[in-house]
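Asker: Please read through the structure below; I'll follow up with questions.
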Amino acid sequence: MNTAPKSLRLQIGIFGRMNAGKSTFLNFVAGQDVAITSSVAGTTTDVVEKTMEFLPLGPVVLLDTAGLDDDSGLGGKRVERTHKALDRSDIAILVVEPGVWGEAEDAAVRTFTAKNKPFVIVVNKADLREVPGEFLERLKGVGREVLVLSSTDMSRREERMREIKHALLALCPADLLRTPSLLGDLVPSGGTVVLIVPIDLQAPKGRLILPQVQAIRDALDNDASVMVVKEREYVPALSNLKRPPDLVVCDSQVVM
C-alpha cells in the first residue's frame with residue numbers, strides 16, 4: 001500500500017491528565033474507535049498512533065498519550081513516553097475537562113512553551129458539565145486557540161471538525177505545510193522527466209515502490225510530463241521524444 005511515510009506527516013500529539021477525554025477525542029477526530037476508552041482513569045498506557053488524511057493539512061499522525069498525572073507503579077515510564085511523543089509532535093493538543101485546571105496543565109503549557117510547540121486547548125466533555133465563563137476566559141489567556149466540544153456528540157462532528165482544522169491551520173508553521181519537492185526545483189514547468197525503473201526479482205509484484213510513486217506525483221504536481229521506462233527501453237524511448245528530457249532519474253544499479 002502506497003501511503004505517505006510518517007516522516008512526511010504532520011505529527012499532532014494529544015496530551016492531558018488521566019481521564020480528561022484524550023482517547024475519546026482521538027476517536028472523534030478519526031471518526032472511528034482507534035483507542036480504547038473507559039471511565040477508569042489510566043486506560044491508555046502507551047502512545048496510540050493513528051495515521052489519516054486530514055485535509056487541508058494533508059497526511060497526519062495523531063498521537064494519543066498516557067495521562068500526564070499518572071502516578072501508578074508504571075506511571076513514570078508512561079509519562080516518559082508521553083514526553084517523547086511531545087518531542088515528535090509538531091503541534092500539541094491539550095485536552096482538559098470543564099473547570100479543571102491545575103499544576104498538570106500549567107506544567108504542560110510550560111513544557112510546550114519551552115519546547116516551542118504550538119498548542120490548542122480543547123475543553124472536552126462539555127455535554128457532561130457546564131463550562132464556566134470565567135474558566136473559558138482564563139484558558140483564552142493561556143492559549144491562542146481554545147475549543148469547546150463533546151467528543152461523544154457525533155451529530156455535530158462536521159461542525160467541530162471545521163473548528164479543529166481551523167485552529168490547527170492557524171498554528172501550523174508554513175514550512176510544515178510545504179512538503180519539500182523532490183523534483184520540482186530541477187524541472188521547469190512543462191518539462192519532461194524520464195524515470196528509469198528496473199524490474200527485477202527485488203521489485204514488488206504489480207506495483208511501483210513508494211519513492212518511485214512519490215517522484216511521479218511530485219513531477220506531476222509541478223506540471224512536468226513523466227515517462228517511465230525500464231533500463232532496456234531507455235534508448236528507444238529517447239527517440240520518441242522531440243527534444244531531450246529535462247531530467248533523467250534512475251536507480252543506482254542502472255548506472256552500475
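Asker: Angle between the Cα long axis of helix 210-221 and the longest principal axis of the chain, 0 to 90 degrees, nearest 10?
Answerer: 80 degrees
Asker: Place a +1 charge on the Cβ of each Lys and Arg in region 192-254 and a -1 charge on the Cβ of each Asp and Glu, then give the dipole magnitude about the Cα centre in debye, rounded to the nearest 20.
Answerer: Value, rounded to 20: 220 debye.
Asker: Test of understanding: in a Gaussian network model of the chain with alpha carbons linked when under 10 Å, which of 143, 67, 206 would top the mean-square fluctuation ranking?
Answerer: Of the options given, 206 has the highest mean-square fluctuation.
Asker: Residue separation times 0.36 nm, minus the C-alpha to C-alpha distance between residue 220 and residue 49: what's the value?
Answerer: In short, 58.5 nm is gained.
Asker: Quote the relative contact order of the chain in percent (integer), defining contacts as alpha-carbon pairs under 8 Å separated by 6+ residues.
Answerer: 17 percent
Asker: How long is the gain from residue 155 to residue 30 if the chain were fully straight, where each residue apart is worth 0.36 nm and the alpha carbon distance is subtracted?
Answerer: The residue 155-residue 30 span can extend by a further 43.5 nm.
Asker: Hey, another quick one. If you keep only loop residues by DSSP, which GluC sites (Glu not before Pro) in region 118-178 have at most 12 other Cβ atoms within 10 Å of their Cβ?
Answerer: Of the GluC sites (Glu not before Pro), the ones in loops of region 118-178 whose Cβ has at most 12 other Cβ atoms within 10 Å are 130.
Asker: Please report the net charge: other residues with Cβ closer than 14 Å to the Cβ of residue 231, K and R +1, D and E -1.
Answerer: Once all neighbours under 14 Å are counted, the net charge is -1.
Asker: Would you please put 83-92, 117-126, 97-106, 23-32 in order of how densely packed they are, using the mean number of other Cβ atoms within 10 angstrom per residue and starting with the highest?
Answerer: Those peptides, ordered most packed to least, come out 117-126, 23-32, 83-92, 97-106.
Asker: Classify region 192-254 as rounded, prolate or oblate, taking a ≥ b ≥ c as the square roots of the eigenvalues of its Cα gyration tensor: rounded when a/c is under 1.5, otherwise prolate if a/b is larger than b/c and oblate if not.
Answerer: Cα axes put region 192-254 in the oblate bin.
Asker: OK, next. Report the FRET efficiency, 1/(1 + (r/R0)^6), for residue 172 and residue 88, where r is their Cβ-Cβ distance and R0 is 22 Å, rounded to 0.05.
Answerer: Efficiency at R0 = 22 Å is approximately 0.90.
Asker: Please count, across the chain, the pairs of lysine residues with Cα atoms under 16 Å apart that sit 8 or more places apart or on different chains.
Answerer: 7
Asker: Report the trypsin sites (Lys or Arg not before Pro) located in region 147-242 that are in a DSSP loop and have at most 15 other Cβ atoms inside 10 Å of their Cβ, or state none.
Answerer: Loop-located and lightly packed - 178, 205, 207, 230, 242.
Asker: Something else: Modelling each spin label as a point 7 Å along the Cα-to-Cβ direction, I'd like the residue 203/residue 242 distance in nm, to one decimal.
Answerer: 2.9 nm
Asker: Once you order the gyration tensor axes a ≥ b ≥ c over the Cα atoms, which shape class does region 10-177 get: rounded for a/c under 1.5, otherwise prolate or oblate by comparing a/b with b/c?
Answerer: It is rounded, given that a/c, with a ≥ b ≥ c, falls under 1.5.
Asker: Express the relative contact order of region 181-256 as a whole percentage, based on alpha carbon pairs under 8 Å and six or more residues apart in sequence.
Answerer: Once normalised by length, the contact order is 50 percent.
Asker: Antiparallel DSSP bridges in region 10-177: what percent, to the nearest 5?
Answerer: 25 percent
Asker: Can you give the local net charge around residue 219? Use residues other than it whose beta-carbon is closer than 15 angstrom to its beta-carbon, Lys and Arg +1, Asp and Glu -1.
Answerer: Residues close to residue 219 contribute a combined charge of -4.
Values quoted throughout were computed directly from the atomic coordinates according to the rules given, and no laboratory measurement underlies them. Predicted, not measured: the structure shown is a model, and the values here were computed from it. Neighbour counts are summed over all protein chains in view; Cβ atoms, including those assigned to glycine, are modelled from backbone coordinates with ideal geometry.
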